[in-house]
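Read the figures in this text as sums done on the coordinates, not as results from a lab. This one's a predicted model, so the numbers in the text were calculated from it and none came from an experiment. Cβ placement follows ideal geometry from the backbone for every residue including glycine, while neighbour counts extend to all protein chains displayed.
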Amino acid sequence: EIGTGDWSSAVCEGDKSKMCGGMTKASIYEMHRCGDITESAEKDRDAAEALIEKWNFNLARWTHVVDDLTAAGKIIDVKDVRQRVMSSATDLEKHRSDTALKVSKLETKVADLQTALDGFSPNGATADDMRKVEEAQDSLLKSTADVQASAAESKKYWDAHSLDGAMKFRSVAGQSISTTDHASDLNFMPKKVRTAVKCDSNPADGCEDFPDELTYVTVGDNIASLYQVYNTTAPIEGRPADLDAAAWKIWAANECHEMCVMTVGCVAGNAIGSTTSEEPHVFAFTCNLKKSVSDVYMSKKNKPEHLITGFIFNSYYDMKSKDIKFHTAEMIVEAQ
């Protein structure tokens, strides 16, 4: 034992023959226990901080997806397509916001535990000091468990709707997708439609004489809606690096097209998203895969910051041409 003076009536829970607490006398046992408490609390604090850092990164990426889909969705006139894009953004936002709220609460618990640790000195700690650390630690552990549970559900949702994951599952590397040449099926139009809207003979890269960029979306039965986010400052292995907005739009549309090629029953799709103008450059979109097409809607009001394009496999159109209608803001053309 260390110190002199009278001891309170409190005894150690672990060994009742030893004294714990008091202002003037302490036991070697209790000082050892104080060290164990702070070491354990600091370990849990560090683990919580690592969890927060990980999920703040993921949540920031998902925020970009939600914002970019919402921005693109607002300028789409086609109700079916707009609703699907907005629904994709809303579904992801539900998971993002739930996990974000729990991460925010955990940040508060980390701060509370740090305050308790700052006020705790093993050499002069009181029973009340010890209680404050233990209570703050318990509260942090409960909050950590809440984050882990919410994050697991959010990750499950993201993984089920991740274009990166789907491409990896099919052994398709992002670096194999062109960033310069458009897939020939993009913005597919039969000659009659190209003539009516005064588009050039290669609509895959847009219509040259349009004052703004071409908006092209297909309507039909959906197979899947997949998300992707591209961050030039946080490259992912297997993807092309340092793409600017124009190159990314080509790559993203081509990747959605390739995903359809690799998906049984897919005959068409839409790639819809936006780019950001601020650093770091983060681009996000959703790839909607279709198993049928009834209509194609086009307009001339797209802007460079938006990716709103689609495609129909030529082979599918050859079989279903009489059933597919092409629409523009000015006219309706039935494909023959």
Spelling it out for Lys325: with amide H atoms placed in the peptide plane at 1.01 Å from N, the residues 5 or more places away or on another chain with amide H under 5 Å from its amide H are Asp295, Val296
Amide H contacts under 5 Å for Cys207, restricted to residues at least 5 apart in sequence or on another chain and with H modeled in the peptide plane, are Leu214
The set of residues whose placed amide H lies less than 5 Å from the amide H of Val282, leaving out same-chain residues fewer than 5 positions away, is Thr276
The summed charge of the Val172 Cβ neighbourhood (under 11 Å; Lys/Arg +1, Asp/Glu -1) stands at -1
Once the in-chain neighbours fewer than 8 apart are removed, the lysines whose Cα is under 16 Å from Lys102 read Lys54, Lys94, Lys142, Lys155
Going residue by residue through the stretch 127-134, the Karplus relation 6.51 cos²θ - 1.76 cosθ + 1.60 with θ = phi - 60° gives ³J(HN,Hα) values, rounded to whole Hz and with x marking Gly or Pro, of 4, 5, 4, 5, 4, 4, 5, 5
The size of the Cβ-based charge dipole (Lys, Arg +1; Asp, Glu -1) of the stretch 138-210 about the Cα centre, to the nearest 20 debye, is 280 debye
Here the stretch 138-144 yields Karplus 3J(HN,Hα) values (6.51, -1.76, 1.60; θ = phi - 60°; whole Hz; Gly and Pro given as x) of 4, 5, 5, 5, 5, 5, 4
Taking only Cα atoms of the stretch 224-301, the Rg to Rh ratio with Kirkwood Rh works out at 1.01
